[in-house]
Amino acid sequence: KKILAVVGYAQAQGDQLYNTASCIRQGKVIGQYRKIHLPNYGVFDEQRYFTAGYEPLVLQLANVPIGITICEDIWESPRVVQASVAAGARLIVSINGSPFDSAKQATREGLLAGRAKAMNVPFVYQNLVGGQDELVFDGGSCMVSATGELCMRAPAFDEGLYIAELDISSRGEVLPV
């Protein structure tokens, strides 16, 4: 009952299809986020199938406003994270399907560190593990502090439940433990 599950899926609404993250707590959907930046390069062809969302989702968990994003929303530009922070987010949770590349983990962590420092918010970055057609997803989920410090990294190519602890300071800051 105390867990927030963020579940990604293709959501049909009328004749539109969205790349959506639903946030579920105590068996109820408490928020839905529709991916804003739809990549259309390399192995990605999302603009062909999906309609872009247009607004951030910020919800409360343990009195912490959390911004939810999906993959390209943090890669493309800082705009989605800026909108989430402007809406009150003090932590960004991003679900991702980022394919393996030998240099990709360093690239991910560098991007997250830069975004975290620029926005002054910590990031929890969850990445898919497994295969789909010719794509391989390597995991490597991680968390960075608001100063860009890597606080936790899950192993590559290993499914599992990995704990990243946060503390809420007396000033309302969200701090990795």
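The values are calculated or read from the model by the stated rules, or taken from the named source; none is laboratory data. Predicted model, so just to flag it, every value in this text is computed and none were measured. Here the Cβ is made from the backbone with ideal geometry for all residues, glycine too, and neighbour counts use every protein chain on show. Surface areas here come from the heavy atoms of the whole protein model, side chains and all, with no ligands, DNA or RNA. Shrake-Rupley method; radii C 1.70, N 1.55, O 1.52, S 1.80 Å.
Pick from 109, 159: which is charged (D, E, K, R) and farther than 25 Å from residue 78 by Cβ?
On the way: 109 fails: farther than 25 Å from residue 78 by Cβ.
Unique residue meeting the criteria: 159.
Counting the residues of the stretch 160-177 that are surrounded by 12 or more Cβ atoms within 10 Å (Cβ to Cβ) and part of a loop (DSSP other than H, G, I, E, B) gives 3. Restricting attention to the stretch 1-19, the residues that are free of Cβ contacts under 8 Å to residues at least 24 places away in the same chain and either closer than 11 Å to residue 70 by Cβ or under 14 Å from the mean Cα position of the chain (by Cα) (or both) add up to 3.
Counted as qualifying within the stretch 1-41 are the strands (runs of 3 or more DSSP E) with 1 or more residues that are among the small types (Gly, Ala, Ser) and open to solvent by 40 Å² or more (accessible area, probe 1.4 Å), namely 4-13. Taken over the stretch 1-59, the residue count meeting the criterion of being under 19 Å from residue 137 (Cβ atoms) and in contact with a Cys (Cβ under 6 Å, 6 or more places away or on another chain) is 1.
Restricting attention to the stretch 127-162, which residues are under 21 Å from residue 21 (Cβ atoms), of a type in the set (A, V, I, L, M) and in contact with a strand residue (DSSP E or B) (Cβ under 8 Å, 6 or more places away or on another chain)? Across the stretch 127-162, the qualifying residues are 128, 129, 135, 143, 144, 152, 154.
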